[in-house]
Every structure is written in structure tokens, then in C-alpha cells.
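Okay, structure first, notes after.
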Amino acid sequence: MLTLCTMLGIVLRGVSVASAPPPAAVETQAFPSIGPPGYLLPEDFILAVDQSIRFSWRHAEVIDPWPSGSMTHAFVRALGEQANFDSIPSADGRIAEVATAAAGVTMAGVTLTSELAKPDAGDLARLEEPTVRIEAGSAVRLVRCSKTLVRRDDDATRGQRSAIAISKAGPPTEIRPMMDPTVALIGSDVPLRVFAGSAARPGAVLHARLIAPAAGAVLPEAVEQTIRANESAIAILNVSHAGVWLIEYETVMESHPLADPADPKSRKAEVTWYQATLTFEVPTP
């Protein structure tokens, strides 16, 4: 794996790669609540020539421990190259670092190990898309995926749209821009296509927040949007401000049908709770 990464010009910094330990048996697992979706946040979205991508794992603007031992897949994709990992390690347990020399947009993403969790009242209150019924106190299978987009430009790529930014990464749940948001103009619209269970999700409800306004900007109030996907599973984000945007999506789905719906003793369908996030920076004009 390290040989492949070196060939692609993508290098993990800090410590060697190690596969995540196997999860504990279900019988000994605690069932935590779900909490707000987590997301990848780079320290810088615009990289200098030799600058690595350094990012943290956060939720609700809080830096969490880096989840290297809880990943099932991670990737870094740039023009003409992609490296896949079992996990991206962190030297200090909080910040992970990946070096890539590609110009233009680089996409990085992680999928965390699925686990059983029990949604609390706060979790259920966040669900706005019509979904399957969840019985009080029942466990769900939690699946969390996050992507981020950063740029490193040269004379050929500066200000140009990137095919990497709009490419489908293929995790279990995903928010996919249909145009490059890293070069979006203020006031323009960016279409976002939503997937869960590897299928497009018409009617999906997304929450968009400006989590870091452009340098020097003073906003009188929070900038937030709630947007619903159309019948083609495309939601429209209005780029009202420059700065760092976070897009969040949550839904629940039955993972498989009942063995026999007419038989109350038949095995019940497992319910999966999907969380997808996307971060990117819209440039100042």
C-alpha cells in the first residue's frame, strides 16, 4: 500500500499505516447516542506548492480525537491519481496529514466503521426527510462518511473548474457537487446530488452552514440554509457568502426487507442511519 501511495505522489505523514482493530463483539458494545454529523475540516483549503493537507475530525465546531482506529476506508483523489487506505493515521491523535503534489482540486474522504447506536430525542429531532419508523430505544446501524475539497493552483489551474470536485467517490452515503464549488461566484447556485445506500435520494433534506466567513468579513447573524432535493435527488445551494461551507445530510433506511412480513416472529429489518458531510471553501471575489 505504501508503494502504491508513493507512486501516486500521495504520502501519509506522521506514523505508519495500520489496519483498524476488529470491532468488539456486539454483546459487549455500549450503544451510544448518535449526535450531530462529524466532518473533515482542513486547516487550509488553499495550499501552497509544497504544503500538505492537514485536517481534523469535528462535530458542531468541536475538534474530536482523530478516528484513525474507527475507519474502514479513506481516500485521496487528485487529477490523474487516487490513493486508498484502510485508515489515515495521526501523529498526535488530533490532526492527520497527507502530502500530495497535484495541482487543482484534491478530494479527501473517510468512511467510519459502522456501529450500533441508539438515537435519542435530539437525534430524532434532526431528521426532516420522511423516513422509516424508529421505535423508541431501538438500535440502528450508524454509517458516517465525510468528504472535503482543497485546492493547490498553478498557472494552468488557477480559477478553473475541476472534474475532481464533481466526481462521485462512491461511499455508502455521499453529497456530490454537480459543479465545482471551489470556484463558485458569490450569488451563484451550486447543485448537490445526494446518495445513501449507494442510491440517489429524491426529497433529501440538507443543512448548509457557513462555518468560517471569509477573512475580514463580519456577519450580523449565522448563515444557514435548509434545502430539499428534487425528484432527481438534486438540491440547490445558494452561495450567498465567501468562506468555508459545511453541508450535512442524515437519513434512515431499512437495510433489508422482513423475511416474512406476515410472520411476526420473522427477522426484523435492520435500520441504517446514514450521515454524510461535505466541506469546501468559496473564494473571495
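Would you please name the chymotrypsin sites (Phe, Trp or Tyr not before Pro) within the stretch 168-249 that are DSSP coil residues with at most 15 other C-beta atoms within 10 Å of their C-beta?
Values: sites: Phe195, Trp245, Tyr249; in loops: none.
Sites meeting the loop and neighbour criteria: none at all.
Just flag the trypsin sites (Lys or Arg not before Pro) in the stretch 56-95 sitting in loop per DSSP whose Cβ has no more than 16 other Cβ atoms within 10 Å.
On the way: sites: Arg58, Arg77, Arg94; in loops: Arg94.
Passing both the DSSP loop test and the Cβ count: Arg94.
Please work out, to two decimal places, the log10 of the ratio I(q)/I(0) at q = 0.14 Å⁻¹ from a Debye calculation in which every Cα of the stretch 126-168 carries one identical scatterer.
Evaluating at q = 0.14 Å⁻¹ gives log10 I(q)/I(0) of -0.62.
Determine the shape class of the stretch 29-98: with a ≥ b ≥ c the square roots of the Cα gyration tensor eigenvalues, call it rounded for a/c under 1.5, and otherwise prolate if a/b is greater than b/c, oblate otherwise.
Details: a/c = 2.12, a/b = 1.56, b/c = 1.36.
The shape class here is prolate.
Taking the simple approach of a point 7 Å from Cα along Cα-to-Cβ for both Arg228 and Ala121, what is their distance in nm?
According to this spin-label approximation, the distance is 2.6 nm.
Got the relative contact order for the stretch 82-231 handy, in percent, Cα pairs under 8 Å and 6 or more residues apart? Spell out each step's value before the answer.
Working: 195 pairs, mean separation 27.4, N = 150.
The value is 18 percent.
Using only the alpha carbons of the stretch 63-142, what is the convex hull's orientation-averaged projected area in square nanometres? Walk me through the numbers on the way to the answer.
Values: hull surface 30.9 nm².
Taking the Cα atoms of the stretch 63-142, their convex hull projects to 7.7 nm² on average.
Mind putting together the pair-distance distribution for the stretch 95-168? All Cα pairs, 5 Å bins, whole percent per bin, short to long.
3, 11, 17, 15, 12, 10, 10, 10, 7, 4, 1, 0
On a full-extension model of 0.36 nm per residue, what is the gain between Asp64 and Ala215, subtracting their alpha-carbon distance, rounded to one decimal in nm? Before the final figure, lay out each step's value.
Numbers: separation 151, 0.36 × 151 = 54.36 nm, distance 2.47 nm.
Taking 0.36 nm per residue and subtracting the Cα distance, the gain is 51.9 nm.
For Glu128 and Asp154, what does the FRET efficiency come to when R0 = 30 Å and r is the distance between their Cβ atoms, rounded to the nearest 0.05?
Efficiency for this residue pair is about 0.10.
When you take every Cα atom in the stretch 190-250, what is the radius of gyration, and what is Dmax, the widest Cα pair distance, in Å?
Cα radius of gyration and Dmax of the stretch 190-250 are 13.0, 41 Å respectively.
Quick check on the stretch 125-202: take the gyration tensor over C-alpha atoms, sort the square-rooted eigenvalues as a ≥ b ≥ c, and tell me if it's rounded (a/c under 1.5), prolate or oblate.
Details: a/c = 3.11, a/b = 2.41, b/c = 1.29.
Verdict is prolate for the stretch 125-202.
Taken together, the values in this text are just the output of simple stated rules run on the coordinates, not laboratory data. Because the structure is predicted, anything quoted here is derived from the model rather than measured. Ideal geometry is used to build each Cβ from the backbone, glycine not excepted, and the neighbour counts take in all protein chains shown.
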